[in-house]
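Colleague: This is the structure I want to talk about, given as structure tokens.
The values are calculated or read from the model by the stated rules, or taken from the named source; none is laboratory data. Fair warning: this is a prediction, and the values are worked out from it, not measured in the lab. Note: ideal-geometry Cβ built from the backbone for every residue, glycine included; neighbour counts use all protein chains shown. All accessible areas refer to the heavy atoms of the entire protein, side chains included, with ligands and DNA or RNA removed. Shrake-Rupley method; radii C 1.70, N 1.55, O 1.52, S 1.80 Å.
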Amino acid sequence: MEGRTMSVEDPKDRPIRVLLAKPGLDGHDRGVKVLALALRDAGFEVLYTGLHRTCEEIVTMAIQEDVDVIGVSMLSGGHYAALSQIMALLREHKAQDIIVVAGGFLPDREEVEAIKALGVRAVFDTDTRIESVTSLLRDAVRERRRAADEAMFAGGSALR
């Protein structure tokens, strides 16, 4: 194979991969589909789980697809229960570096704060502008990738 070169993609240069998920019995998906198209148009790589996924299915998909972000969309309530299970499963699978955000019809302010205390990066309500979502996701993923680079080179184990 003379003259052929192999290129290795630098993870920092790949598009941000987002898994949009609809856990539980919530059957409303218009908003998450609008978000998926908007993120795609903004240059993100978007995967959508479809409706009625278990938390285990969501975490398994996220790990298998090597996503940067899980976006959990719920309109039927139950945010805290689903998100606490997703966060626990990510820790169990040592994948807690995956950024988790949530959106939909939100519960009261106290529950939003409790959700954030679980480690959920941001909670968006139905009035959030797409630009705010894309900006936060880009910043969060940039920070995640920088931390991964620093961890890889920590302790003098990097090739010099």
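Colleague: Is there a residue in the range 2-12 that is at pLDDT 95 or above and under 25 Å from residue 66 (Cβ atoms)? Explain how you work it out, then say what you get.
Modeller: Residues of the range 2-12 that are at pLDDT 95 or above, as a first pass: none.
No, the range 2-12 contains no residue that is at pLDDT 95 or above and under 25 Å from residue 66 (Cβ atoms).
Colleague: Pick out the one residue from 119, 104 that is within 14 Å of the chain's Cα centre (by Cα) and on the phi > 0 side of the Ramachandran plot. Break it down into steps so the answer makes sense when it comes.
Modeller: Values: 104 fails: within 14 Å of the chain's Cα centre (by Cα).
Matching residue, one of 119, 104: 119.
Colleague: Does the range 82-99 contain at least one residue that is among the polar types (S, T, N, Q) and touching a Cys at 6+ places or on another chain (Cβ under 8 Å)? Before you say what the answer is, go through the steps one by one.
Modeller: Here is the first cut: in the range 82-99, the ones among the polar types (S, T, N, Q) are 84-85, 96.
Checking which are touching a Cys at 6+ places or on another chain (Cβ under 8 Å) leaves us with 85.
Looking through the range 82-99, at least one residue is among the polar types (S, T, N, Q) and touching a Cys at 6+ places or on another chain (Cβ under 8 Å).
Colleague: Let me ask you something else. Which ranges mark the strands (runs of 3 or more DSSP E) fully within the range 5-112 that have 2 or more residues being open to solvent by 50 Å² or more (accessible area, probe 1.4 Å) and either touching a helix residue (DSSP H, G or I) at 6+ places or on another chain (Cβ under 8 Å) or within 25 Å of residue 135 (Cα to Cα) (or both)?
Modeller: Working: elements: 17-21, 45-48, 69-74, 99-104.
Because the criterion is at least 2 residues that are open to solvent by 50 Å² or more (accessible area, probe 1.4 Å) and either touching a helix residue (DSSP H, G or I) at 6+ places or on another chain (Cβ under 8 Å) or within 25 Å of residue 135 (Cα to Cα) (or both), the strands (runs of 3 or more DSSP E) in the range 5-112 that meet it are 45-48.
Colleague: Could you tell me whether any residue of the range 133-151 is farther than 24 Å from residue 38 by Cα and in contact with a Pro (Cβ under 8 Å, 6 or more places away or on another chain)? Spell out how you get there, then give the answer.
Modeller: We begin by selecting, within the range 133-151, every residue farther than 24 Å from residue 38 by Cα; these are 146-151.
Then keep just the ones that are in contact with a Pro (Cβ under 8 Å, 6 or more places away or on another chain); that gives 148.
Yes, there is a match, as at least one residue in the range 133-151 is farther than 24 Å from residue 38 by Cα and in contact with a Pro (Cβ under 8 Å, 6 or more places away or on another chain).
Colleague: Looking at residue 76 and the list (1) of a type in the set (Ser, Thr, Tyr); (2) over 22 Å from residue 46 (Cα atoms); (3) modelled with pLDDT of 95 or more, which single condition is not satisfied?
Modeller: Only one criterion in (1) of a type in the set (Ser, Thr, Tyr); (2) over 22 Å from residue 46 (Cα atoms); (3) modelled with pLDDT of 95 or more is unmet by residue 76, namely (3).
Colleague: Output the number of residues of the range 124-160 satisfying the condition of being open to solvent by less than 100 Å² (accessible area, probe 1.4 Å), at pLDDT 85 or above and not in a helix (DSSP H, G or I).
Modeller: Going through the range 124-160 one residue at a time, the tally reaches 4.
Colleague: So how many residues does the range 113-123 have that are part of a helix (DSSP H, G or I) and either at pLDDT below 90 or among the hydrophobic types (A, V, I, L, M, F, W, C) (or both)? I'd like the intermediate steps shown before the answer.
Modeller: Going residue by residue through the range 113-123, those that are part of a helix (DSSP H, G or I) are 113-117.
Narrowing further to those that are either at pLDDT below 90 or among the hydrophobic types (A, V, I, L, M, F, W, C) (or both): 114-115, 117.
Final tally of qualifying residues: 3.
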